[in-house]
């Protein structure tokens, strides 16, 4: 297959422009470091806590509107087994930001935390915090894989170059400018990327809607034409799964360091909350083009297009429906603009993911655990090395599957089931929980999620649930919202074990419980035999 050199040139120009913005922003970062002598790592992680309000709003929105968001929404609308009713991402992400702005901004900013792991280390000590960091790190890497895979697949469709090269070149570009300037480079490139994303996606909409190869999307929304109606349906046995997806995408964002980096980089609480609320408005707006592309694709007679037959869904290419639709339903130059918009979406998210993972590795693992006397210079080295390693690992995973939804759901699922109860308990109920409860909750949440299984990841379902339905392929379909049930059980386990262990400790039947400063300030009564110590597993 011949390489589309014009398309490749367009992508190359866009990448060079993004790197140039990153280099310019890195100079601003250096100026900020001079104002904050001895805090270079903090400037890299949270931008000196004085990021411009407009930049804050743009970088928050750009981080959430990723390649997974754009491609995943189009894939779900186009998929004849799902449909629009299952494409809950735009609305769920808006709910996510509203919840974050209302409830999570103040407790994180009130103690000048730098990373999400700071309150865990403060509450439970380094050992347990390090264990709790594992799912957060894995989720960041899966998220990077999701969005890099999305871009790699898109670039390969438009330019006809290898998907593997597309993924790794995109990863290298994001790694370069993230290493150069930290949060400043990430934030300022996000401004340009969000603007390009907005205008690029909406520019494609009229051309997609004027394609001669599809019936009206209003007719195909409710009637079968070329495939099942794209509006979709939610059967009684699917309600539990649908509720799970909505809550998963609405709440799991509170477990991402990428969210807190933007919240903590704002100059004030009011600015941080405004950033969240503006993002909640922009997310659904940026999701509309993907919905329209998916609807048009579901209404198209692909045999009449240059794509030919069978349809993308029948060829297992539903995850690439957006770039396929751009290429075969739009003029070539319009498809290039659309691809650039998707590239912008990916870059604006993958850089944030890499920086969030690297920040926690450098601060919470390297400095707080491995080498407590670490200098600012050595911390910066660890940040840069971590960005490179996480980026390359994410790129490697991004070449495994063409389904964006697979990594998108797996990423959020990992944090929702295991970490959501931990974050809520640590931030809002610190006086009611201890390290015994945290460990028990972690183990029970992980064990239950593994036993329930996950077809997308090839995990068999071992634990029987009420009203399970056996499908034709032998897989179990869970009727109950099992992810949310696991969250509730884990939450109850943390609280119950914490209180039981506290009672046993007061009776002298259990070793000392770790008591922190927050406990000392908040508890009316502390058992006399509790000792302040480093908890261990």
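The values are calculated or read from the model by the stated rules, or taken from the named source; none is laboratory data. Being a predicted model, the structure only gives us computed values, none of them experimental. Glycine gets a Cβ as well: all are built from the backbone with ideal geometry, and neighbour counts include every protein chain shown.
Taking residue 353 as the residue in question, decide whether it is in contact (Cβ under 8 Å) with a residue 40 or more places away in the chain and either more than 18 Å from residue 227 (Cα to Cα) or not assigned by TED's automatic domain parsing to the domain that holds residue 174 (or both).
Numbers: in contact (Cβ under 8 Å) with a residue 40 or more places away in the chain: yes; either more than 18 Å from residue 227 (Cα to Cα) or not assigned by TED's automatic domain parsing to the domain that holds residue 174 (or both): yes.
Taking the combined requirement at face value, the residue satisfies it.
Here is a check on your reading of the model: is residue 193 part of a loop (DSSP other than H, G, I, E, B) and assigned by TED's automatic domain parsing to the domain that holds residue 261?
Details: part of a loop (DSSP other than H, G, I, E, B): no; assigned by TED's automatic domain parsing to the domain that holds residue 261: yes.
Spelling it out, it is not the case that residue 193 is part of a loop (DSSP other than H, G, I, E, B) and assigned by TED's automatic domain parsing to the domain that holds residue 261.
Here are some conditions: (1) under 16 Å from residue 72 (Cβ atoms); (2) not in a helix (DSSP H, G or I). Residue 308 meets all but one. Which one does it not meet?
Result: residue 308 passes all but (1).
Regarding the range 252-266, can at least one residue be identified that is closer than 30 Å to residue 418 by Cβ, in contact with a strand residue (DSSP E or B) (Cβ under 7 Å, 6 or more places away or on another chain), touching a residue at least 40 places away in the same chain (Cβ under 8 Å) and surrounded by fewer than 15 Cβ atoms within 10 Å (Cβ to Cβ)? So that I can check it myself, show each step before the final result.
So in the range 252-266, the residues closer than 30 Å to residue 418 by Cβ come out as 252-266.
The next check asks that each one be in contact with a strand residue (DSSP E or B) (Cβ under 7 Å, 6 or more places away or on another chain); those that pass are 265-266.
With touching a residue at least 40 places away in the same chain (Cβ under 8 Å) added as a condition, the list becomes 265-266.
Next, only the ones that are surrounded by fewer than 15 Cβ atoms within 10 Å (Cβ to Cβ) stay: none.
No, the range 252-266 contains no residue that is closer than 30 Å to residue 418 by Cβ, in contact with a strand residue (DSSP E or B) (Cβ under 7 Å, 6 or more places away or on another chain), touching a residue at least 40 places away in the same chain (Cβ under 8 Å) and surrounded by fewer than 15 Cβ atoms within 10 Å (Cβ to Cβ).
Out of the residues in the range 73-111 meeting the condition of being in contact (Cβ under 8 Å) with a residue 24 or more places away in the chain and assigned to a loop (DSSP other than H, G, I, E, B), tell me which one is surrounded by the most Cβ atoms within 10 Å (Cβ to Cβ).
Checked the range 73-111; the qualifying residue surrounded by the most Cβ atoms within 10 Å (Cβ to Cβ) is 87.
Can you pull out every residue in the range 291-308 that is surrounded by fewer than 21 Cβ atoms within 10 Å (Cβ to Cβ) and either closer than 18 Å to residue 332 by Cβ or outside the structural domain of residue 211 (by TED's automatic domain parsing) (or both)?
Matches in the range 291-308: 305, 306, 307, 308.
Could you count how many residues in the range 267-294 are modelled with pLDDT of 90 or more and in contact with a strand residue (DSSP E or B) (Cβ under 9 Å, 6 or more places away or on another chain)?
So the answer is 5.
Take residue 342 and tell me if it is more than 19 Å from the chain's Cα centre (by Cα) and either surrounded by 23 or more Cβ atoms within 10 Å (Cβ to Cβ) or part of a helix (DSSP H, G or I) (or both).
Here the answer is no, as residue 342 does not meet what is asked.
Across the range 65-89, what is the number of residues that are under 21 Å from the mean Cα position of the chain (by Cα) and over 19 Å from residue 240 (Cα atoms)?
Adding up the residues that qualify gives 12.
Hey, residue 333 hits all of (1) surrounded by fewer than 18 Cβ atoms within 10 Å (Cβ to Cβ); (2) in contact (Cβ under 8 Å) with a residue 24 or more places away in the chain but one; which does it fall short on?
Checking residue 333 against (1) surrounded by fewer than 18 Cβ atoms within 10 Å (Cβ to Cβ); (2) in contact (Cβ under 8 Å) with a residue 24 or more places away in the chain, the one that fails is (2).
Is it true that some residue in the range 208-219 is at pLDDT below 85, surrounded by fewer than 24 Cβ atoms within 10 Å (Cβ to Cβ) and out of contact with any strand residue (DSSP E or B) (no Cβ under 7 Å at 6 or more places or on another chain)?
yes
What are the pairs with Cβ atoms under 7 angstrom where one residue, in the range 24-52, is at pLDDT 75 or above and the other, located anywhere, is buried (at least 19 other Cβ atoms within 10 Å of the Cβ) and part of a strand (DSSP E or B)? Sequence gap at least six, or different chains.
51/266
Hey, can you tell me all the residues within the range 113-134 that are under 30 Å from residue 399 (Cβ atoms) and surrounded by fewer than 20 Cβ atoms within 10 Å (Cβ to Cβ)? Reasoning before the result, please.
Taking the range 113-134 as the starting set, the residues that turn out to be under 30 Å from residue 399 (Cβ atoms) are 115-117, 130-134.
Within the range 113-134, 130, 131, 134 qualify.
Could you count how many residues in the range 118-156 are assigned to a helix (DSSP H, G or I) and more than 24 Å from residue 174 (Cα to Cα)? Lay out the reasoning, then the answer.
Filtering the range 118-156 down to residues assigned to a helix (DSSP H, G or I) leaves 118-124, 126-156.
Those left that are additionally more than 24 Å from residue 174 (Cα to Cα): 118-124, 126-132.
Qualifying residue count for the region: 14.
Which residue, of 365, 379, is under 25 Å from residue 148 (Cβ atoms) and in a helix (DSSP H, G or I)? Steps first, answer last, please.
Values: 379 fails: under 25 Å from residue 148 (Cβ atoms).
That would be 365, the only listed residue that is under 25 Å from residue 148 (Cβ atoms) and in a helix (DSSP H, G or I).
Mind checking which helices (runs of 4 or more DSSP H) fall wholly inside the range 433-537 and carry at least 3 residues that are more than 30 Å from the chain's Cα centre (by Cα) and either at pLDDT 90 or above or not assigned by TED's automatic domain parsing to the domain that holds residue 139 (or both)? Write out each step before concluding.
Working: elements: 435-452, 482-506, 517-522.
Those helices (runs of 4 or more DSSP H) span 482-506, 517-522.
Can you name the condition, by its number, that residue 240 falls short on among (1) touching a residue at least 60 places away in the same chain (Cβ under 8 Å); (2) surrounded by fewer than 16 Cβ atoms within 10 Å (Cβ to Cβ); (3) within 24 Å of residue 412 (Cα to Cα)?
Among (1) touching a residue at least 60 places away in the same chain (Cβ under 8 Å); (2) surrounded by fewer than 16 Cβ atoms within 10 Å (Cβ to Cβ); (3) within 24 Å of residue 412 (Cα to Cα), the lone unmet condition for residue 240 is (2).
Can residue 168 be described as part of a helix (DSSP H, G or I), within 30 Å of residue 443 (Cβ to Cβ) and assigned by TED's automatic domain parsing to the domain that holds residue 53?
Values: part of a helix (DSSP H, G or I): yes; within 30 Å of residue 443 (Cβ to Cβ): no; assigned by TED's automatic domain parsing to the domain that holds residue 53: yes.
Judged against the criteria, residue 168 is not a match.
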